[in-house]
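K.L.:
One structure follows; several queries about it will come next.
The values are calculated or read from the model by the stated rules, or taken from the named source; none is laboratory data. Not measured: the values here are computed from a predicted model. Neighbour counts run over all protein chains shown; Cβ positions are idealised from the backbone, glycine included.
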Amino acid sequence: MSRDTAIRGGILVTDKERRRADILCHDGRIAAIGADIDIPAAATVIDAGGCFVMPGGIDPHTHLELPMAGTRVADDFLSGTRAAVAGGTTTILDFVGPARGEPPLDALAAWREKAARSVIDYGFHMTVSWWGDLFERQMTTLVRDEGVTSFKFFLAYKGGLMLPDADILAAFERCRDLGALAQMHAENGEIIAFLQEKLRTKGILEPRGHVLSRPPYAEEEASVRAIALAEAAGVPLYIVHVSTAGAADAIARAQSRKARVFGETLPGFLSIDDRVYGSPDFDMAAGHVMSPPFRPAEHQRALWRAIEDGVLSVTATDHCCFTREQKRLGREDFTLIPNGCGGVGDRMEILWELGVASGRLTPEQFVALTSANAARIFNLWPAKGCLAVGADADIAILDPARGRTIRAADQIQNTDFSIWEGRRVSASIVHTLSRGRHLWADGELRADPGHGRYVARRPYGPAYGVNPHTGL
Ligand SMILES: [Zn+2]
């Protein structure tokens, strides 16, 4: 079998430019790019006429095979990454979640084992699910030897993942010393627990209690606090799944005083509003239960402005799928509904539809938001997130004229629910290559378990060479 694949006739798009050129992939990397490159006779040729050829997507926020709420998310690393590749995503960063007291290195070993079946490349963030000497000691090994250079913290989930500010400051300082990036789930867990209790007393136990207990101000307060904690510790901060105008404003203010703060948002937050929780159909309302929740529609306009201004620079999915049956664990009490929605396979097409097809974003901005910025922030650049000779041949080909309708019945992610059920997108991903391997070919999935490789990431900071793109 030839190890060469050529992509001919398409329009190449990076985060900086767009041009007509062909690409030759050899041994998993991009070997040549140009208008008239030599294509070996034995090469497999993909005709990309009329299509955009882009860096494969990077989804830096997924949860596969995660135990949660007395169950386990519906997607394992095989089904989740198969869904991803069919939607043009070629790298995921998943969260390793140690149980309380579990050594993070043990949890990493468990995640490495689960992820061995991944069909696309993957890296890990570590959730700081508890704090103590052992955790602190093992962070050194994680950063220096294991390539885990980002750590996620929670200001939400009182009695669970939530850490007190003092522990967060200590851990943030450790991140700074090691050259690691801090990530935050920013919602005020005390306010949420307080409101949940009030709603319970009033007998509001149906899914709308979920959104009533997680008001926008709880996210805004926690975002402001997370930024202050990060500034105090001198660590760069990445706020995951920003869903409100107030949180986006907090990030914008921090950036304007040159604080190193990055913001991520989800295509779901740009396209779905909180009316879903009013549905009389439990499965419909519960299917949208995630944290933070979908917000009143006016927040979407603020999120778009923040994207246009570069305040929010990354899109992810927070892919965390459950079936209708699993969501019914919370039939009698909304606090027991497993939190999370899917979409790892839909992110690129939905964002194209909302952003590029509507005229809000250029294709270059689309690439920045779906791969290039994440590659830079998470130290995957320049192997990932760009189309350049020597880069990994992770490539997504999008046909702007081939639409499809999203239906749970057709999806690859392992659930019977889609937050975008029935939504029409005007463009679709027609081919995806992962390190030169043609895994998604015009509707045919050729993804073998285990093709994906673990990507160890470099630490940040002067000792390791400051990343010129982010200053980290
Ligand atoms: Zn998440």
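K.L.:
Regarding Arg435, is this residue over 19 Å from Arg82 (Cα atoms) and among the basic types (Lys, Arg)? Even if it seems obvious, please write down each step before you answer.
P.N.:
On the way: over 19 Å from Arg82 (Cα atoms): no; among the basic types (Lys, Arg): yes.
When the stated conditions are applied, Arg435 does not pass them.
K.L.:
Inspect the stretch 59-75 for any residue being within 16 Å of the ligand (Cβ to nearest atom) and of a type in the set (Lys, Arg) and give the result as yes or no.
P.N.:
Looking through the stretch 59-75, at least one residue is within 16 Å of the ligand (Cβ to nearest atom) and of a type in the set (Lys, Arg).
K.L.:
Could you please let me know if Ile39 is under 30 Å from Ile7 (Cβ atoms), in a strand (DSSP E or B) and away from the ligand (no atom under 16 Å from the Cβ)? Reasoning before the result, please.
P.N.:
Working: under 30 Å from Ile7 (Cβ atoms): yes; in a strand (DSSP E or B): no; away from the ligand (no atom under 16 Å from the Cβ): yes.
Spelling it out, it is not the case that Ile39 is under 30 Å from Ile7 (Cβ atoms), in a strand (DSSP E or B) and away from the ligand (no atom under 16 Å from the Cβ).
K.L.:
I'd like to check something: does the stretch 198-210 contain any residue that is surrounded by fewer than 24 Cβ atoms within 10 Å (Cβ to Cβ), hydrophobic (A, V, I, L, M, F, W, C), within 21 Å of Phe153 (Cβ to Cβ) and at pLDDT 95 or above?
P.N.:
Among the residues of the stretch 198-210, not one is surrounded by fewer than 24 Cβ atoms within 10 Å (Cβ to Cβ), hydrophobic (A, V, I, L, M, F, W, C), within 21 Å of Phe153 (Cβ to Cβ) and at pLDDT 95 or above, which makes the answer no.
K.L.:
Right, here's the next one. When you check Val276 against the structure, is it of a type in the set (Val, Ile, Thr) and over 20 Å from the mean Cα position of the chain (by Cα), yes or no?
P.N.:
Numbers: of a type in the set (Val, Ile, Thr): yes; over 20 Å from the mean Cα position of the chain (by Cα): yes.
Yes.
K.L.:
For the stretch 289-326, which positions are in contact (Cβ under 8 Å) with a residue 12 or more places away in the chain, more than 16 Å from the ligand (Cβ to nearest atom) and assigned to a loop (DSSP other than H, G, I, E, B)?
P.N.:
Selection gives Arg295, Pro296, Ala297, Asp309, Val311, Thr323.
K.L.:
Could you tell me which of the residues Arg137, Arg144, Arg174 is in contact with an Asp or Glu (Cβ under 6 Å, 6 or more places away or on another chain), at pLDDT 95 or above and closer than 19 Å to Pro459 by Cα? Reasoning before the result, please.
P.N.:
Numbers: Arg137 fails: in contact with an Asp or Glu (Cβ under 6 Å, 6 or more places away or on another chain); Arg144 fails: in contact with an Asp or Glu (Cβ under 6 Å, 6 or more places away or on another chain).
Unique residue meeting the criteria: Arg174.
K.L.:
Could you check, for the stretch 268-278, whether at least one of its residues is surrounded by fewer than 24 Cβ atoms within 10 Å (Cβ to Cβ), farther than 21 Å from Val211 by Cβ and small (Gly, Ala, Ser)?
P.N.:
Taking every residue of the stretch 268-278 in turn, none turns out to be surrounded by fewer than 24 Cβ atoms within 10 Å (Cβ to Cβ), farther than 21 Å from Val211 by Cβ and small (Gly, Ala, Ser).
K.L.:
Hey, Met54 hits all of (1) assigned to a strand (DSSP E or B); (2) surrounded by 24 or more Cβ atoms within 10 Å (Cβ to Cβ); (3) within 14 Å of the ligand (Cβ to nearest atom); (4) among the hydrophobic types (A, V, I, L, M, F, W, C) but one; which does it fall short on?
P.N.:
In the conditions (1) assigned to a strand (DSSP E or B); (2) surrounded by 24 or more Cβ atoms within 10 Å (Cβ to Cβ); (3) within 14 Å of the ligand (Cβ to nearest atom); (4) among the hydrophobic types (A, V, I, L, M, F, W, C), Met54 misses (3) alone.
K.L.:
Give the stretch 69-106 a look and list any residue that's touching a His at 6+ places or on another chain (Cβ under 9 Å) and either in a loop (DSSP other than H, G, I, E, B) or of a type in the set (Phe, Trp, Tyr) (or both), or say none.
P.N.:
Val73, Asp75, Gly88, Phe95, Gly97, listed by residue number.
K.L.:
Still on this structure, I have one more. Applying the selection to the stretch 143-171, what residues are under 21 Å from the mean Cα position of the chain (by Cα) and assigned to a helix (DSSP H, G or I)?
P.N.:
Within the stretch 143-171, just Val143 meets the criteria.
K.L.:
Now for a different question. Check every one of the helices (runs of 4 or more DSSP H) wholly within the stretch 188-284 and list those with 3 or more residues that are away from the ligand (no atom under 16 Å from the Cβ) and either farther than 20 Å from Leu303 by Cα or of a type in the set (A, V, I, L, M) (or both). Spell out how you get there, then give the answer.
P.N.:
On the way: elements: 189-201, 208-212, 216-233, 245-256, 267-271.
By residue number, 189-201, 208-212, 216-233, 245-256.
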